[in-house]
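Here is the structure we will look at.
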Amino acid sequence: MRTVLLLICLLLAPVTSAQWTPDNPGSENVTVLGHVPLGGRMTVTDMELEQELHRPYAYVGRASILEEGPKGMDIINLSNPAAPRVLLRWRLEDQDLHMNRGGMDVKYFKWHGRYYVVQSFEFAQGPNSDLGAVVFDVTGLPDPGAVTEVTRIRVPEYPGGFHNIFIYKHSNGHPLLLTTVRTGKAHIYDLAEVISGNVAGALVGEVPVPDVPGRSARTTSFHDLYAARHPDTGEDRFYGGGTGGYYIFDITDLKNPVLKISLVGISGVDWGHTFTPSPDGRYAVAEAEYQYAPLRIFDLTPALNGERTVIREPISAWTANWKNLVHNHEVRWPYVFVSGYLDGLQIFSLEDPQNPRTVGYYDTYIGPPTHEWISVINGAFGVDVRNEDGLIAISDMTTGFWTFRMDGFDGWNGNQYGVPNISSVQDWDSEAQ
């Protein structure tokens, strides 16, 4: 049955027919619905879509990447995706006292019928160098006056804040906040404890970066974080990219994470970035953030079968433009939705994982790259997909917030594609994920 569904998916997959030009920046099957500039060069960071259609809201992090800019979060109303509008521009106090960076990653969750947003912060120095995240209650949207700050998560022992976060509904039923910290590990916070006021007691687990030859724990870290239920075993699994490569842990027992699989010793990779599995846990899409780096596709079967614990060779790779660099991605199997910096929104298909195929694109930024940081960075930073109706969104570092449709993609449920219904989207309303 799965083979038949994948063949049908292959037949229905959109096909790109035109080459990119400045006058024609997108493929014919990708339609721009809406765009709202947010202001500032390289001041827009990651973004998150709420998934329920009756809550048409997007959250966008704001930071000063290279120059002065806002430090905070924008909330966007998508009740009309063709005309997105900013509902609220929330800014951290004492803007002028905060140095480089600011609001980075942003995620939402639902608990006991209320909706919350976690905006991570990253400051190298200044009055909030210990600030990891601010938690908001956003249940009262679309009234911006009803958005209230619940609490702040601080990490004074690890100055620098949280570069990345991920929120996951654990098998124990609680929403968990996974965060990077500046040294040797990822933190896991129970958000039920956080919003109840017990921030001090909310740290329920830590995932260490495995030993990397020649590096001490003080110089290692994770970069991106993801978690999902492994359908074959029922385990809660953590996927982390960072120093040395990529790692998969069993975090069912939050106090005792168990390293299951390592993707290390990979040619051209000494630092892992975004790392996302397929819904069945068999494949993984892995990014390494340097110019010319493609997304690498790994088959984890030998490790899942117990034949080995280390995977070193990808089975394929994909890139939009070999001269550039892709950034974040979202997997809605068999599609991978990519925020590709200078290449904008990119969509490719893994119907045949050994032969990735581009099926759609739209360049949200056609200006110059930056030369103050990595030379091919500017443009599309964050990407998300609303599973209910297939809405696609991009946060662009300079041009703002964009919404799209792709022909033939009207929503995603894994069961329709012969895979478990598992993605970054969490089922907040069921008793078990």
Which value results when the Cα radius of gyration for the range 262-415 is divided by 2.2 N^0.38 Å? 1.04
How large is the helix-only mean residue ellipticity at 222 nm for the chain, computed as the sum of -39500 (n - 2.57) over DSSP H runs with n ≥ 4, divided by its residue count, in deg cm²/dmol to the nearest 500? -1000 deg cm²/dmol
GNM of the chain, Cα pairs under 10 angstrom: of ASN415, ASN100, ASN324, the biggest fluctuation goes to ASN415
Report the Cα centroid-to-centroid distance between the range 385-423 and the range 40-91 in angstrom, as an integer. 17
Return P(r) of the range 78-221 (all Cα-Cα pairs; 10 Å bins starting at 0; whole %; ordered from short to long distances). 11, 37, 34, 15, 3, 0
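Size of the dipole of the chain about the Cα centre, Lys and Arg at +1 and Asp and Glu at -1 on the beta carbon, nothing else charged, in debye to 20?
380
Within the accessible area of the range 351-430, what % is carbon and sulfur when the probe is 1.4 Å and the other protein chains stay in place?
Details: 1290 of 2870 Å².
Accessible surface attributable to carbon and sulfur in the range 351-430 totals 45 percent.
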Taking the chain and dividing mean pair separation by its residue count, relative contact order in percent (alpha carbons under 8 Å, at least six apart): 15
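Quote the relative contact order of the range 371-418 in percent (integer), defining contacts as alpha-carbon pairs under 8 Å separated by 6+ residues. Write down the numbers at each step before the final one.
Working: 63 pairs, mean separation 14.7, N = 48.
Normalised by residue count, the contact order of the range 371-418 is 31 percent.
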Quick check: at a probe of 1.4 Å, how many percent of the accessible area of the range 147-217 sits on carbon and sulfur atoms? 50
Please state the charge dipole magnitude for the range 121-277, taken about the Cα centre, from unit charges on C-beta atoms (+1 on K and R, -1 on D and E), reported in debye and rounded to the nearest 20. 300
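For the range 247-343, which whole percent of the accessible surface, found with a 1.4 angstrom probe, sits on carbon and sulfur atoms? Before the final figure, lay out each step's value.
On the way: 1640 of 3480 Å².
Heavy-atom surface of the range 247-343 belonging to carbon and sulfur, 1.4 Å probe: 47 percent.
Using the C-alpha atoms of the chain, what convex hull volume per residue, in cubic angstrom, is computed? Before the final figure, lay out the partial values.
On the way: hull volume 58.4 nm³, N = 433.
That works out to 135 Å³ per residue.
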Student exercise: in the chain, how many lysine pairs 8 or more apart or on different chains have Cα atoms under 18 Å apart? 6
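Can you work out the accessible area per residue across the chain, with the rest of the protein chains kept in place, probe 1.4 Å, in square angstrom?
On the way: 16300 Å² over 433 residues.
In whole numbers, the chain has 38 Å² accessible per residue.
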Which is farthest toward the positive dipole end of the chain among THR43, ILE311, SER216, measuring Cα position about the Cα centre, with Cβ charges +1 (Lys, Arg) and -1 (Asp, Glu)? SER216
For the chain, build the charge dipole from Cβ charges (+1 Lys, Arg; -1 Asp, Glu) around the Cα centre, then report which of VAL147, VAL269, GLY390 sits farthest towards its positive end. VAL269
In whole percent, what relative contact order does the range 176-295 give with Cα contacts below 8 Å and a gap of six or more residues? 18
Computed for the range 238-300: size of charge dipole around the Cα centre, +1 on C-beta of each Lys and Arg, -1 on C-beta of each Asp and Glu, debye to nearest 20, value 80
What percent of all Cα-Cα pairs in the range 24-68 falls in each 5 Å bin, counting up from 0? 5, 16, 17, 19, 20, 17, 6, 1
Checking the range 237-325 for chymotrypsin sites (Phe, Trp or Tyr not before Pro) in a loop per DSSP with at most 15 other beta-carbon atoms within 10 Å yields TYR290, TYR292, TRP322
Lys/Arg Cβ at +1, Asp/Glu Cβ at -1, dipole of the range 300-364 taken about the Cα centre: which of PRO302, PRO353, VAL336 is farthest positive-ward? PRO302
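The values are calculated or read from the model by the stated rules, or taken from the named source; none is laboratory data. A quick note: this is a predicted structure, and the numbers were derived from the prediction, not measured. Methodologically, a virtual Cβ is constructed for each residue, glycine included, from the backbone with ideal geometry; neighbour enumeration extends over all protein chains shown. Note: accessible area is taken over every heavy atom of the protein model, side chains too, but ligands, DNA and RNA are not part of it. Shrake-Rupley method; radii C 1.70, N 1.55, O 1.52, S 1.80 Å.
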